[in-house]
1. When only C-alpha pairs under 8 Å and at least 6 residues apart count, what is the relative contact order of the chain, in percent?
2. Once amide H atoms are built 1.01 Å from N in the peptide plane, which residues 5 or more positions from residue 267, or in another chain, come under 5 Å H to H?
3. Report the gain in length on full extension from residue 61 to residue 107: 0.36 nm times residue separation, minus Cα-Cα distance, nm rounded to one decimal.
4. Segment 49-78 to segment 155-208: how many Å between their Cα centroids?
5. For a quick check, take a GNM of the chain with Cα springs below 10 Å and name the residue from 262, 189, 272 with the largest mean-square fluctuation.
6. What is the antiparallel percent of DSSP beta bridges lying wholly in the chain, to the nearest 5?
7. How far apart, in nm, are two points set 7 Å out from the Cα along the Cα-to-Cβ line at residue 156 and at residue 415?
8. Carbon and sulfur: what percent of the chain's accessible surface (1.4 Å probe)?
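The values are calculated or read from the model by the stated rules, or taken from the named source; none is laboratory data. Computed from a predicted model, the values in this text were never measured in an experiment. Here Cβ is always computed from backbone atoms with ideal geometry, including for glycine, and neighbour counts include all displayed protein chains. Surface accessibility is based on the protein's heavy atoms, side chains included, excluding ligands, DNA and RNA. Shrake-Rupley method; radii C 1.70, N 1.55, O 1.52, S 1.80 Å.
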Amino acid sequence: MKHIMSFGILASTVLAFASPVLAQTVFVSTQLRPIEEATVVREELLKDVGSVDYVVEEPPQFAVRMEAERQAGKHTVSLVGALHGELSPLADKDTLEPLDDLAKKLAASGMPQSLLDLGKLGKSTQQYIPWMQATYVMAAKKEALQYLPAGADVNALNYDQLIEWGKNMQEATGQPQIGFPAGPKGLMARYFQGYFYPSFTGGVVRTFQSADAAAGWEKLKVLWAYVTPNSTSYDFMQEPLAAGEVMVAWDHIARLKNAISAAPDDYVVFPAPAGPKGRGYMPVVAGLAIPKGAPDKAGAEKIIEHLSMPDTQLLTASKVGFFPTLNVKLPPDLDAGVALLAGTVTATQASKDAVISLLPVGLGDKGGEFNKVYMDSFQRIVLQNEPIADVLKAQGATMAKLMTDTKAACWAPDAKSDGPCPVQ
């Protein structure tokens with residue numbers, strides 16, 4: 001590892017002498033990674049803000065990189081953009097610059113204090129500035145509405161109604177018409193953590209192998225009979241929706257945006273269904289932070305201020321489907337598809353039966369292993385039809401070890417814990 005790092009430093013030094021390129025502010029982000037989104041960041045969102053090297057990293061690699069720089073004491077990164085739960089481990093190790101002055105400016109500009117408080121990550125100083133927010137929703141072709149069960153309100157569905165809707169569509173068309181992003185790069189794990197488990201069990205970790213969880217998995221097996229088998233190859237649901245492969249889908253708003261923006265009159269967008277414990281939903285907050293030892297702290301602050309301006313926040317919403325953290329009014333000429341998505345985000349947050357599930361916190365570089373527990377359970381229970389009790393017992397043991405190893409305390413909607421979050 002030392003040889004690799006030394007070579008990297010040597011190579012960068014050689015390059016620095018080889019070409020008289022202006023110094024760039026290195027901005028590493030786990031968000032807006034797809035090529036189309038990263039291009040928007042580089043060519044539009046960061047336009048006129050100076051020389052910025054926007055680098056995208058998968059979350060596990062991001063955690064490794066930041067820890068390597070911390071241990072080496074040699075910093076190349078001046079600004080990071082990541083999810084709340086990905087920034088939390090950096091704050092725990094006291095590696096982020098306090099941003100209180102920036103937070104005061106943004107509070108005066110209309111950023112809600114509740115969001116800014118999230119950015120303190122439990123500390124007394126501002127650890128990150130909320131950058132953008134999103135969530136996950138369902139979308140359907142309007143032609144699917146004719147198959148809704150009698151009396152069902154698409155904006156307040158429960159799982160039994162979704163199952164009946166799926167059955168009606170399949171009987172009418174001869175094909176399963178519901179789709180989920182259960183492919184290799186899909187966000188299906190977030191469905192289990194933010195929607196399925198909270199809706200059926202009221203928790204995520206504590207309730208992992210409960211009787212309520214087993215009942216939920218039974219219900220999901222029934223639903224899956226009306227879900228297209230191609231779901232296990234879908235990463236983004238906008239493509240199969242636009243291609244007519246499915247009529248109803250669940251996904252992250254940014255991964256539905258292109259289809260809906262291309263034909264907004266063809267779609268309805270609505271909250272995910274409710275279960276016995278309520279309507280689970282996962283608010284996704286991404287933040288901007290400056291690592292201690294950043295080579296260009298002033299440049300990083302300039303970028304944060306730029307990305308937090310009302311016009312830039314609205315451009316972000318329009319171009320990539322992540323919504324402002326500033327309390328700004330969406331303009332009437334906003335992309336019709338983005339407006340549809342924005343309305344559903346508001347409706348989901350305002351649902352009387354909403355059960356908020358935060359993104360995982362305290363897992364460090366083990367987030368992928370946490371996701372795998374849910375995906376392995378899904379594979380074994382739903383796709384391979386293994387006994388639910390056996391799978392939950394085995395995967396529950398894996399989950400418990402993961403919580404113990406990382407010492408991760410419970411997060412909402414689970415009740416707080418003094419030590420590692422227990423699996424009950």
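1. Computed over the chain, the figure is 23 percent.
2. 142
3. 13.3 nm
4. Result: 36 Å between the Cα centres.
5. Per the Cα network of the chain with a 10 Å cutoff, 262 tops the list.
6. Antiparallel bridges: around 60 percent, rounded to the nearest 5.
7. 3.0
8. C and S fraction of accessible area: 53 percent.
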